[in-house]
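Below: the structure, in C-alpha cells.
Nothing in this text is a laboratory measurement; each read-out follows from the coordinates by a stated rule. A quick note: this is a predicted structure, and the numbers were derived from the prediction, not measured. Neighbour counts run over all protein chains shown; Cβ positions are idealised from the backbone, glycine included.
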C-alpha cells in the first residue's frame, strides 16, 4: 500500500510505520561521508582478518574434517594460538604486519562507530516514541541538476517556486547565482554546487518567515531514497532533529510495512555520491 501524499496523512502513516524500532533503525539515514568511510574501513579490516584465517586454511579444513571431539579442540587451540600470535605480534609476519596493524585499528574504529551510531539511534527512537510529533515533514524542490532545497512553511502557502517567480528580476538572478555555482573538478566535468548560507539568508530577507530554510540535499537519482513524490515539481521528505541537525528517513517501506527492494548497485552509487559530492 502506497503512502498518501497529503502532508497530514503522510505524517500519520509514517508515525505508524516507524513505531517499530527495527523499521525506525533501518530507515533512519544517520550517515554522512565519515560514517560511510567508517563502514568501508570496517569491512576492509574484516576482509583482512578473514585473509588471516584463510592463511591457515589447512588447519581450518582439518578442524572440519576430524571427527574426534578431542582432536577438534586441539586443532581449534592451535588455530586460535596462531591467529592470536599474528594479531598481538603482527610484525612477526614481516612487512605484512603493517597491514595487520592497519586492519586492527580500522576494525576497532568501525566497532566504536557502530556502537555510537546504535546509541544515537536508540536515543532518537525513545524521543520519537514518547513524542511522535518530533517527526517532521518538509517540502523539497529542485534548485539545480543535482540538489534540492528542503524547506518548511508555517502556513499552507503556495509552492516555493511560485513565490520565487514573483520576486523582482534582480532577486531571481541573485537566486540563480546562489544555486548554480559551477565547481571545477580534476577528474570530471564541472559540477553544480550551491551556497547554503547565502540561500538561508536570501529566504530570510525575501520571504519573511513564509518559507523557512531547513537544508539542501542531493536530489534523485543521486541521493538515497529520501523523497515521497508530491507532484511534478515538489516532494516530501521526513526527518527528525538530532542536536539541531535534521536527520532524514529513507523510503524503504510502504505504508503497510512491506519492504521496498533497493538494488545493491543503487546503494553503491548513492554511497559514492554522498562521500565525494555532498
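For residue 255 and residue 50, what does the FRET efficiency come to when R0 = 45 Å and r is the distance between their Cβ atoms, rounded to the nearest 0.05?
Numbers: r = 40 Å, r/R0 = 0.90.
Efficiency for this residue pair is about 0.65.
Cβ crowding within 10 Å ranks 119, 227, 30 as 119, 30, 227, fewest other Cβ atoms first.
Sorted from fewest to most neighbouring beta carbons within 10 Å, what does the list 114, 200 look like? Walk me through the numbers before you get to the answer.
Numbers: 114 14, 200 17.
Fewest-to-most ranking of 114, 200: 114, 200.
Pairs of Cα atoms nearer than 8 Å and 6+ residues apart set the relative contact order; for region 135-263 it is 30 percent. In this simple spin-label approximation, residue 157 and residue 192 carry label points 7 Å from Cα along the Cα→Cβ vector, and these lie 2.3 nm apart. If the segment from residue 181 to residue 127 were pulled out straight at 0.36 nm per residue, it would be longer than the present Cα-Cα gap by 15.6 nm.
For region 104-172, what is the relative contact order in percent, using Cα pairs closer than 8 Å and at least 6 residues apart in sequence?
14 percent
For residue 204 and residue 242, a Förster radius of 22 Å and the Cβ-Cβ distance give a FRET efficiency of 0.40, rounded to the nearest 0.05.
How would 192, 17, 155 line up from fewest to most surrounding beta-carbon atoms within 10 angstrom?
On the way: 192 14, 17 20, 155 6.
Exposure proxy ranking, most exposed first: 155, 192, 17.
For residue 16 and residue 40, what is the calculated FRET efficiency with R₀ set at 30 Å and r taken between the beta-carbons, to the nearest 0.05? Step by step, r from the Cβ atoms, then E = 0.30.
Once the chain from residue 172 to residue 101 is taken as fully extended at 0.36 nm per residue, the excess over their C-alpha distance is 20.0 nm.
When a/c reaches 1.5 or more, the comparison of a/b and b/c decides; with that in mind, is region 135-263 rounded, prolate or oblate per its Cα gyration tensor?
oblate
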